[in-house]
Each structure stands twice: as C-alpha cells, then as structure tokens.
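The values are calculated or read from the model by the stated rules, or taken from the named source; none is laboratory data. Since the structure is predicted, the reported quantities are computational estimates derived from the model, not experimental observations. With ligands, DNA and RNA removed, areas are computed over all heavy atoms of the protein, side chains included. Shrake-Rupley method; radii C 1.70, N 1.55, O 1.52, S 1.80 Å.
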Amino acid sequence: MAPPSPPLMLTTGPVTAYPEVSEALSRPILYDGDDAFRGYYAQVLAMLGRVMGLSTPPVILQGEAILGIEAAAAGLIGPKDVVLNLVSGVYGQGFGRYALRAGAEVIELAVPFDAAIDPADVARSLRARPDIGVVAVCHHDTPSGTLNPLADIGAVVAAHGALLIVDAVSSFGGMEVFPEAVAADLFITSPAKCLGGTPGLSLLGVSDRAWAKMRANPQAPRGSFLSLLDWQDVIEDGRTFPVTPSIAEIYGLEAALARHLAEGERAVWARHALTARATRAGILALGLALWPTSEALCSPTTTAIRIPDGLSDKALRDHARDRSGVLLSLGRGATAGKVLRIGHMGPAAQPDHALRAVAALAAAASAQGLAVDRPAGESAVRAVIDGM
Ligand SMILES: *Cc1c(COP(=O)(O)O)cnc(C)c1O
C-alpha cells in the first residue's frame, strides 16, 4: 500500500524531503558492526560537524529531535541545578517539564508568544539568582513564528558562566546560526526541517564543558535511549554502537548534508530569507496581519499569520489544501486556533512558493467571506522576488 501523494507541503516540518534524500533512503542496508559501515558513519559525523561548524564531534540520536531535547535535559541537568528556562512559545514552555523531571529548580522567564525574549531580562534574571547554572532557550519557537536574539542571549549566559541549551530544530540550516557562535553547550537540531531530510534523527552539538558536566552528573542516563554519554563512547573510544543506528536515516542525513554543502549554506539561507520576505509582503498586502508583534521578530523559516476574528483556522487550512493543493500548518498549544503557518524549510523554501501560499490563503479567506486584495498580495510577492 502506498501512502497518498502529498499536496505541495508548505508545512513547518516535517517537509517533503529533497529528492536526493528519498533516493538515498533506498540504498542497501549495511551491517552496523562491519567496518564498512563504521567508516561511512565516521564520515557522515565529520560532514555533520562541518555543516554545524563544530570543533567537537557531533552526536546523532536515533529519534526525531524531541529525543535530543529530552536527552540534553536528562544528561545535563541534575537535582542540584537551578535552571532558567526562557519561554516565548510552546517548545520553550515544554522544555520546563524535562528540567523539572530531572529534579532541578526551574525559573521561568516568559514573554507573550507573539514577542521575543529580551537579553537584558535574561541578564537581570541571572543577577537575581547567581546560582543559575543552566539556561535553556528555543531559538525559533515554531508555533509562534518568532526568533529569539540567540547570539545576544548566548553572550549574556556565557558572561554569567552558565551552560546554554539551545533548541534550534527549526532554524538551523535555514539561516545563519551555529552552536559555537552563539556559545551553546548543547545545541539540538533535526534533519527534517531546514536541511530537507526526514524525521527520525536528532543532531546535537555538545561542548567540552557540557560533556564534563554530564560525566559529573550521577543521574545522567547510561544504557538508555536517552544517553548521550553512551554515544560519546562510540565517537571517542570506537566502541560498538549502543543500539543499531537507523541505517537508512543515516543515508538520508548524508544526502541532505551533501546537498546543503553543494548548494552552499549562504545560498540556502538566502533562499529561505527571500521566500519568507516575499510571503510576508504578500500576506500584508492581502490585508492580513502577521502573528509576531513586529516584522523584525519573524523567522525566515516560518510565517505565522494571525487568524482574523470570526475565521476558522481549520477551514482556512482545509480550503488551501483541498482547493489550492497547498498544505499549511495550524498553530499549536497556546497558538492553536490563533495562527496559520506557512513553512519555508528546505525544499519548501522556494520564492515561487510564496505566490502559491498567498494565492491559496486569499482564496481560502474569500471563501469565508473575508474581503482580501488578492491582486495586491500577488504583486507584492512578485515585487520582492524581482527585487523591486
Ligand atoms: C519540530 C520541532 C521540534 C521537534 O519536535 P516534533 O514535535 O517532534 O516535531 C522541536 N523544537 C522545535 C522548535 C521544532 O520546531
């Protein structure tokens, strides 16, 4: 039985993988204990380290990025820790649960989900509680469509001496953000968003300081799917894999990384940024509003639209899918029912798709009786794409 063929997926992840990735998934499965696979795996790790700009070896965990985020919390955080959790959306909020589960005291610094964290507030929180040893932040909280000023937050946290955990699942690869440049100690991303791969792996950058803290944490998982230390043994000591790697997913990751490098990271970022800019211009020209309070907060990988009063997010989504063949994402958690999201990630980050999305949304809004200026929306998109 074949799955139904998808409409044009302008979703916020997973995305339609690049064709090279789909092809790579069908390569013959190798035996993970054989040197042929181990050599290949080491090369993929090196490639991932290059793409992530890391000076330490990256870690790959065998499950979609929530696994990496949970593993980061479980490994790094212990009962004696005081954690500052920065919350600007659903994912940031969710991280607090993992920190609490590790037994830590969790202090939350939250902003409304259409706003961004102010680094000055982070500095104030750290001054108020000098015993804060770990700070966690979601760079692009996808259900909000907003970016936090990660480099500035990283500098404040580094000056305080705390360790920084960064969820960069939906920003890494689609814009300029690197673990070491933002002083992240644990940096988690996924192949299934801006890298245009498949959902099935967590990709992590881990600093030497983070490894030291994990080794000193008696509670850090060992012999567990959540264990990062088990994988460090593979990387550093050449031990056998703690579990069978998802061989096909590693092939897919390699293809996604190779594509990213071949296109060139700057070209990939520019494609994401232009698509998002064109989409925002079109949405505003239609007469709709963006969810973030300022365009400066908008992510180049997601455009979140504020649902106008009286309209249904699901009816808009369904109309776009069924009549225009464009699949969009709904809000999530606290933004559910309030936003509709257009993803610009990996293969979906094509300026021409901005036109498809804006046209689909115009038709869907009209069908619900909202007057929108479709020609103005479309020409605003074209003007951005044509550089006018
Ligand atoms: C997609 C995403 C994740 C991974 O979560 P899933 O629910 O497994 O997709 C984590 N953090 C952010 C910010 C994401 O966008």
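Please report the carbon-and-sulfur percent of the accessible area for the range 1-148; probe 1.4 Å, protein heavy atoms only, DNA, RNA and ligands left out.
Values: 3660 of 6230 Å².
The C+S portion of the solvent-accessible surface of the range 1-148 is 59 percent.
Think of a 1.4 Å ball rolled over the protein heavy atoms: the range 179-257 then has 34 Å² of accessible area per residue.
In deg cm²/dmol, rounded to 500, what helix-only [θ] at 222 nm does the chain give when every DSSP H run of at least 4 residues adds -39500 (n - 2.57) and the total is split over its residues? Each step should come with its number before you reach the end.
Numbers: 13 runs with 166 residues, N = 388.
That calculation yields -13500 deg cm²/dmol at 222 nm.
A compact globular protein would have a Cα radius of gyration near 2.2 N^0.38 Å; the ratio found for the range 192-321 is 1.51. Centre-to-centre, using Cα atoms only, the range 249-268 and the range 58-137 are separated by 29 Å.
May I ask you to rank K314, K80, K213 by accessible area, largest first, using a 1.4 Å probe over the protein chains only? The partial results should precede the final answer.
Values: K314 110, K80 195, K213 50 Å².
Output order, biggest surface exposure first: K80, K314, K213.
Accessible area per residue for the range 1-158 is 42 Å², calculated with a 1.4 Å probe on protein heavy atoms, without ligands, DNA or RNA. Sorted from longest to shortest, the spans of the Cα atoms of the range 265-386 along the three principal axes equal 41, 33, 27 Å.
Give me the orientation-averaged projected area of the Cα convex hull of the chain, in nm², one decimal. Write down the numbers at each step before the final one.
Details: hull surface 76.8 nm².
Averaging across all directions leaves 19.2 nm² for the Cα convex hull.
Kirkwood radius, the range 120-205, all distinct C-alpha pairs, inverse of mean reciprocal distance: 13.3 Å. Within the same chain, lysines fewer than 8 places from K80 are excluded, and of the rest, those with a Cα less than 30 Å from its Cα are K213.
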